[in-house]
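The values are calculated or read from the model by the stated rules, or taken from the named source; none is laboratory data. As the structure is a computational prediction, the values presented were derived from the model and not from experiment. Counting neighbours? That spans all protein chains shown, and the Cβs are built from the backbone with ideal geometry, glycine included. Ligands, DNA and RNA are excluded from the accessible area calculation, which covers all protein heavy atoms including side chains. Shrake-Rupley method; radii C 1.70, N 1.55, O 1.52, S 1.80 Å.
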Amino acid sequence: MKNITVSIDDETYRLSREKAAEAGTSISALVQDYLVNIAEGRVTETRFERLARLQEEIQADIDAEGGGLRMKDNLPREALYDRDAFR
C-alpha cells in the first residue's frame, strides 16, 4: 500500500475530521474510499457538475411556482414612500 500526502486548509481539515467522526472512520479512510470510487468509475459527477445540476433544479422550482418576481408582490407607491412605517 502506498502513502500519499495531501495539503488542505485548516477549515477543510476540521470539517473533514467532523464528518469522519460522524461516520466512525478516519480522514484517510474517507479519502481512500473516494479514490477507490474514482478508480472504479463510480464517481461520475464533478463538484462543478453537481453545483450546476443543483442550480438547474432550483431554477426549475422557481419556474414551477410562477417564476421570481410578480407584480402583485410589489408595494403600492404610497407604501413605498411611507417612512413612518419603518420607524
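A few remarks follow.
- Residue satisfying condition, being without any contact (Cβ under 8 Å) to a residue 24 or more places away in the chain, open to solvent by 100 Å² or more (accessible area, probe 1.4 Å) and either of a type outside the set (Ser, Thr, Tyr) or outside any helix (DSSP H, G or I) (or both), within set Leu35, Leu54, Leu75: Leu75
- Set Glu45, Glu22: member being assigned to a helix (DSSP H, G or I), free of Cβ contacts under 8 Å to residues at least 12 places away in the same chain and out of contact with any strand residue (DSSP E or B) (no Cβ under 9 Å at 6 or more places or on another chain): Glu22
- Scoring Glu45 on the criteria (1) in contact with a Lys or Arg (Cβ under 9 Å, 6 or more places away or on another chain); (2) more than 30 Å from Lys2 (Cβ to Cβ) leaves a single failure, condition (2).
- Ser28, sole failed condition from (1) at pLDDT below 90; (2) surrounded by 10 or more Cβ atoms within 10 Å (Cβ to Cβ): (1)
- Checking every residue in the range 4-15 against the condition of being at pLDDT below 85, over 21 Å from the mean Cα position of the chain (by Cα), open to solvent by 90 Å² or more (accessible area, probe 1.4 Å) and not hydrophobic (A, V, I, L, M, F, W, C) gives zero matches.
- All positions within the range 38-51 that are open to solvent by 90 Å² or more (accessible area, probe 1.4 Å) and at positive phi: none
- Single residue of the range 57-72 satisfying the filter (modelled with pLDDT under 90, part of a helix (DSSP H, G or I) and of a type in the set (A, V, I, L, M)) that is surrounded by the most Cβ atoms within 10 Å (Cβ to Cβ): Ile62
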